[in-house]
1. Give me the percent of Cα-Cα pairs in region 1-100 that sit more than 19 Å apart, rounded to a whole number.
2. Choose one answer from N34, N90, N19: the residue with the largest mean-square fluctuation in a GNM of the chain with alpha-carbon springs under 10 Å.
3. What does the charge count around A7 come to, taking other residues whose C-beta lies under 14 Å from its C-beta (Lys +1, Arg +1, Asp -1, Glu -1)?
4. Any idea of the accessible area per residue across the chain, 1.4 Å probe, to the nearest Å²?
5. Treat each spin label as a single point 7 Å out from the Cα along the C-beta direction, and report the I93 to K125 distance in nm.
6. Note down the net charge around A63, summing +1 for each Lys or Arg and -1 for each Asp or Glu among other residues with Cβ under 13 Å from its Cβ.
7. Post the alpha-carbon centroid distance, region 114-133 to region 25-94, in whole angstrom.
8. Pulled fully out, how much extra length does the chain show between D25 and E8, if you take 0.36 nm times their separation in residues and subtract their Cα-Cα distance?
Amino acid sequence: MPIDIYAEEIVSHYEHPHNKGEITDASVSQHNYNPVCGDEMTMYLMINDGIVSDVKFKGVGCAISMATASMLTDFIKGKTLKEIEGMGINTIIDLIGIDPGPARLKCATLSLRTLKEAVFVYEHKEVDRATKEL
Ligand code: FES
């Protein structure tokens, strides 16, 4: 797809985010922030038999961070915790269709870092280095 189609998709998810909200009886929730700008996000996961059955997020941030959270939360429904543990920056680039570049990298990875930390917390595991570096 041409770049401007991807940009339109990002704006559309930013203006009409999917899965925005809170799950009050979530299996796990995790709060995080972008160290560059201070914008925040909380991710709520409902997990059944090692599979994400529902997910919501709330937070404030730029178009890239919010659109990425919207797309990522759509993408992970039905995924296993193991699959999520294996996700990295390429997952995000594939989802949004563009390389965010160094200036917006932390915006683009905020939701994935929050999601992966939530999975590690749920599994009572230490957060791995690859996730900390997202
Ligand atoms: Fe804050 Fe992008 S500028 S998350």
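The values are calculated or read from the model by the stated rules, or taken from the named source; none is laboratory data. The shown structure was predicted, so the numbers you read here are calculated from the model rather than taken from an experiment. Virtual Cβ from ideal backbone geometry, glycine too; neighbours counted across all protein chains shown. Side chains included, ligands, DNA and RNA excluded: accessible areas come from the protein's heavy atoms. Shrake-Rupley method; radii C 1.70, N 1.55, O 1.52, S 1.80 Å.
1. Everything past 19 Å amounts to 44 percent.
2. Ranking N34, N90, N19 by mean-square fluctuation puts N90 first.
3. Residues near A7 contribute -4 overall.
4. 51
5. Placing both labels 7 Å beyond Cα along the Cβ direction yields 2.4 nm.
6. -3
7. Between the Cα centre of region 114-133 and that of region 25-94, the gap is 12 Å.
8. Extra length from D25 to E8 when fully extended: 2.7 nm.
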